[in-house]
Each structure stands twice: as C-alpha cells, then as structure tokens.
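One structure below.
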Amino acid sequence: MRIASIALGLALAVVPVLSQAADDNQPGTQGVLTDQQILVSQVQTDKRSVYTQKLGLTDSESRSFWPIYDEYESKVKKLDDRFLDMLNDYASQYDTLTDDQAAALLKERMSIEKDRMALKQRYTAKVAAVLPPKKALRYAQLETRIEILIRSQVYGLIPLAR
C-alpha cells in the first residue's frame, strides 16, 4: 500500500467534499509529507471560507470566534499528524502486519478518536459561549458535516487489514 495514493485520493476528494459540505441541501516520503501539508493547508483555507460564508458572523462575533477556531484547528492538526503517523506505520507494516502490531495500531486509532471527540466537545462549548445559539449549532453542524465527508473519503482509500 502506498501513502502517495492516499494523499492523491485526498487531494481529489477535498474540493468536492468541502463544496458539498457548504451546500445546505447536501448531507512516507518527504514528497508525501509535503503533499500532505499542502492538502491540510488547502482544507483549512476551504473550511475557513465555508464558515465565513455560512455563519454570517458580525464583526464582534468574528473577533470572538476566529481565535477559538484557530486554536481548535491547531490542536486538530496535532491529531491529524498522529493519524498520519499511524497510517504511515500501517502502510509500512501492511504486508507483514502481526497481531501485536495490529493491536498497537488499533489502540492508537481509538486513542486518536477519543482525543478528537474530547477536543471537539471542548471547543464546541467555547464556540457556544461566544456565538448566539443558532450560529453555534450551525458551526457544530458544519464541523461535523465536513469531518464526516473528509473522513469517509480518507477511510475509503485505506485497505482493510489482511
């Protein structure tokens, strides 16, 4: 299994996924790491655009919301880096994966999921403290929609363990 194919698939998936998320009517090598960094930057830019368009924040709300959003995204990036490291481990072990390696990968995957959900809950509460309830709910809906769409694309590219 090659990580480059996953990065390419993610690149092809990102633009339509974020467009779909914005639509109210729609539900390693160094080169690979560089590609991943470019993709992450593009996703962050596109997400910011979606939130700008869909939240309709006032100037006062923007001053409160964007620092929280930026802090959240920087912490999510750390989790995404952990996920990428785990994925690279999986890729390098794919053909020779032992039960012990599989157990370690599963433990790390569940830890990342747990940490991601705790982070999302903490920062959604922070957003809810500075935005009106409907805008806070809209933020949470958009965040979930974008996350599900991107993750379904990424997980669809990862072959199942043999």
Review point. Looking only at segment 84-101, which residues are loosely packed, with under 13 Cβ neighbours inside 10 Å and in a helix (DSSP H, G or I)?
Key: Asp95, Thr96, Asp99, Asp100
Point to revise | Residue list for segment 56-74, filter: farther than 19 Å from Gln121 by Cα and of a type in the set (A, V, I, L, M) | key: Leu57
Point to revise | Of all residues making up segment 113-162, the number that are over 23 Å from Gln101 (Cα atoms) and not in a helix (DSSP H, G or I) | key: 2
Practice item. Please enumerate the residues belonging to segment 66-83 that are closer than 20 Å to Ser111 by Cβ, in contact with a helix residue (DSSP H, G or I) (Cβ under 6 Å, 6 or more places away or on another chain) and either outside any helix (DSSP H, G or I) or aliphatic (A, V, I, L, M) (or both). Key: Leu79
**Study point:** Matching residues, segment 38-63, being crowded, with 17+ Cβ neighbours inside 10 Å and either small (Gly, Ala, Ser) or at pLDDT 95 or above (or both)
**Key:** Leu55, Leu57
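The values are calculated or read from the model by the stated rules, or taken from the named source; none is laboratory data. Source: prediction; values computed, not measured. As a convention, Cβ positions derive from the backbone with ideal geometry for all residues, glycine included, and neighbour counts pool all protein chains shown.
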